[in-house]
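Let me begin by presenting the structure, written as C-alpha cells, before commenting on it.
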Amino acid sequence: MRYADFISQQYKLFELNPNGQNELNKINLEMILNIVHKINNSLDLDEVLYLVMINAIRLAQADRGFLLLLDDSNDLRYKVGLNINGEYLPESDFEISQSVVKDSFELGESICIEDAKGDRNFQSRQSIMNLNLQTIICTPLIINGEKIGVIYVDSQKLINVKKSEIIKMFEILAGHAAIAIRNAKLYHSLDLAFKELQEMHEKLILSERLALKREINSQVGQEVQNLVHLALLENESVLKRIQKLNIDEPINYEIRERLIQKLAIATDNIRKIQRYSQALITSNRFETEKKSGDINRTIRNVINYIKKIDRFSDATFELNLDKVPQIEYDHEQLEQVIVNILKNSVEKRPDCHIRISTFHDHENNQIVVKINDNGPGIPKELLSVLFTQRINTGIEGRGYGLLITRKIIENHNGKIYCVSEIDKGSTFYFSLPTS
C-alpha cells in the first residue's frame, strides 16, 4: 500500500468513527509519520538500516528482526539484525525461516503468519519448528518495481495485532525504507568516490613522483614543445627575411626596424615558453624562480601582448588595478596563469568582455587577483573538478591548462578558485602571499 493511500484511509476511518478502534488508527498514523520522518532524515546507511529494523520490531511487537539486501550476485544477504532492546545480533544468530523469506521476495508480497506452530501449512517447515516461532512477518523492499531486499521479524509468542493493519504499516515502512536505503547507498558510493578522488588528489600534491603526474607533465611539455618548435621556425624565418631586405624593398627603414624589434621580442618570449615546457618534461615539479615584482605590471604586459593575437582580437579588456605592494613571484609562470584563464574565457565566447582587478587583502596578508568574464558560464559538474581533472571541451587545446594553473599558484603558496553562473559568466580568483 502506498503511504498517501494509507493516510487517506486512516483519516476517513477516523472521521466515520472518532472513538474506539479509530483511536488505535490515530496512534498508528502518528507512529508511521514519526518513523517515516526519522528514516527520511538520514543518509547514513548503517543508521537507516538500524532505524528501519528497530521500528519494524516495535511495530510488530516482535522479539527480533533482520534486514536482507541483494548482493552483487543477486543473492539475499544478511545486513543487520536487532533484538527488541535495539541490540545488534551477530550474523551467527541469523537463523530464520528461509522459506518464508524466499516466498515473500519471489512473490513480491507481504507474509504475516500467526500461530505458525499450529498452522498446518507451516508445520512441515523445520526452521519454524526448530526456532519455536509463533509469529512471522516478512515484507519485500521494492522501489520502482525492483526488489532489493526484505524486512523480516519474528517472535516465539503470539502477537496481539490486527493482521491487515500490521501488513499495511509494514508495507508503508518497507516502501520508505527501500527509498531511504537506495539514497543512503548512493550517498555512500558518492562519498567513497569523493574520498578516493580527494586521496588521489592529495597524493598528486604530496608526491610528485607519481606516475600519473609524470605522464601529464610529459604530455603537456611535449605538446607545447612541438608547437613552440614550429612557431620558432616560422618566426626565425620571417626575421631572417626582414634582415635581408635592402632599401629597394617597398618598406621604409623605420618600419623595418620596428618589425625586427617586435619579432625579436616574440622570439624571446617563445624561448621562455620553451624553457618552461622543457622543465616540465624533465622534472616532476614546477621549479619557481621568484623575484620581486609588481603583479599589476605583469597583468598589463600580458594584456598588451595578447590583444595583438588573433585569438583575443574580438575580446575587450577592463583593468581595475589597486595599488598593491611588490611581492616575490615567478614572472613567467604568473604570466602563464593569467593567459590560461583568459584563454578559458575566449574559448567559450570570443567576443567576451573581461574585467581584471587586483586588491591588497591586508587582513590575510595577500594580493587577490580577480578575472571576470561575461561568457556562457561553467556547468556545475565541471566547476567542481575544474582544477583537479583534465578537462577537454573539444574546442581547442588538450585540457591541461587549469591543472597547470592550479599547480603554479600552489607552488607560490597561494589559492585559486572559480565561481560561475550559467549564461552570466565566470569569475576566477587567485591569491598570492605578500610575505
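The values are calculated or read from the model by the stated rules, or taken from the named source; none is laboratory data. Note that the structure is predicted; figures quoted are calculated from it, not measured. Quick reminder, even Gly has a Cβ in these numbers, built from the backbone with ideal geometry, and neighbours come from all protein chains shown.
Determine whether Glu328 is surrounded by fewer than 18 Cβ atoms within 10 Å (Cβ to Cβ), assigned to a helix (DSSP H, G or I) and not basic (Lys, Arg). In short, no. Taking the criterion of being part of a strand (DSSP E or B) and among the small types (Gly, Ala, Ser), the only residue of the range 71-88 that qualifies is Gly81. Within the range 317-333, residues that are in the same structural domain as Asn365 (by TED's automatic domain parsing) and closer than 21 Å to Lys291 by Cα reach partners that are of a type in the set (Asp, Glu) and surrounded by 13 or more Cβ atoms within 10 Å (Cβ to Cβ) with beta carbons closer than 6 Å, at six or more positions or on different chains, in the pairs Gln326/Asp294.
Annotation note: Cβ proximity below 6 Å between a residue of the range 44-72 that is over 14 Å from Thr135 (Cα atoms) and a residue that is part of a helix (DSSP H, G or I) and β-branched (Val, Ile, Thr) (sequence gap 6+ or interchain) occurs for Val48/Ile181; Leu51/Ile39; Asn55/Ile35. Among residues of the range 138-158 that are closer than 22 Å to Asn85 by Cβ, those with a Cβ under 7 angstrom from a residue that is among the aromatic types (Phe, Trp, Tyr) and assigned to a strand (DSSP E or B), sequence gap 6+ or separate chain, pair up as Cys138/Tyr152; Tyr152/Phe66. Here Ser292 passes the criteria (1) modelled with pLDDT under 90; (2) surrounded by fewer than 16 Cβ atoms within 10 Å (Cβ to Cβ) except the one numbered (1).
Residue-wise test of (1) touching a helix residue (DSSP H, G or I) at 6+ places or on another chain (Cβ under 8 Å); (2) among the hydrophobic types (A, V, I, L, M, F, W, C).
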{"residue": "Ile39", "(1), (2)": "yes, yes"}
{"residue": "Ser42", "(1), (2)": "yes, no"}
{"residue": "Tyr50", "(1), (2)": "no, no"}
{"residue": "Asn55", "(1), (2)": "yes, no"}
{"residue": "Gln61", "(1), (2)": "no, no"}
{"residue": "Asp75", "(1), (2)": "no, no"}
{"residue": "Ile84", "(1), (2)": "yes, yes"}
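In the range 334-360, the residues that are assigned to a helix (DSSP H, G or I) reach residues that are basic (Lys, Arg) and surrounded by fewer than 20 Cβ atoms within 10 Å (Cβ to Cβ) with C-beta atoms within less than 7 angstrom, at least six apart or across chains, in these pairs: Val346/Arg311. Once the range 367-402 is narrowed to residues that are at pLDDT 80 or above and assigned to a helix (DSSP H, G or I), the residue that is surrounded by the most Cβ atoms within 10 Å (Cβ to Cβ) is Leu402. Regarding Ile416, is this residue modelled with pLDDT of 90 or more and touching a Phe, Trp or Tyr at 6+ places or on another chain (Cβ under 6 Å)? Yes.
Hey, can you tell me all the residues within the range 64-93 that are surrounded by 15 or more Cβ atoms within 10 Å (Cβ to Cβ) and farther than 19 Å from Ala174 by Cα? Answer for the range 64-93, where residues must be surrounded by 15 or more Cβ atoms within 10 Å (Cβ to Cβ) and farther than 19 Å from Ala174 by Cα: just Leu89. Scan the range 132-183 for residues that are over 38 Å from the mean Cα position of the chain (by Cα) and part of a helix (DSSP H, G or I) and the total you get is 6.
Of everything in the range 303-318 that's assigned to a helix (DSSP H, G or I) and surrounded by 15 or more Cβ atoms within 10 Å (Cβ to Cβ), which residue is farthest from the chain's Cα centre (by Cα)? For the range 303-318, the residue satisfying everything is Tyr305. For the range 409-427, the candidate set comprises residues that are within 21 Å of Glu363 (Cβ to Cβ) and of a type outside the set (S, T, N, Q); within that set, the residue that is farthest from the chain's Cα centre (by Cα) is His412.
Residues are listed down the side, and each one gets a yes or a no for (1) crowded, with 20+ Cβ neighbours inside 10 Å; (2) under 28 Å from Asp423 (Cα atoms):
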| residue | (1), (2) |
| --- | --- |
| Asn320 | no, yes |
| Val324 | no, no |
| Gln333 | yes, no |
| Ile341 | yes, yes |
| Glu347 | no, yes |
| Ile356 | yes, yes |
| Asp361 | no, no |
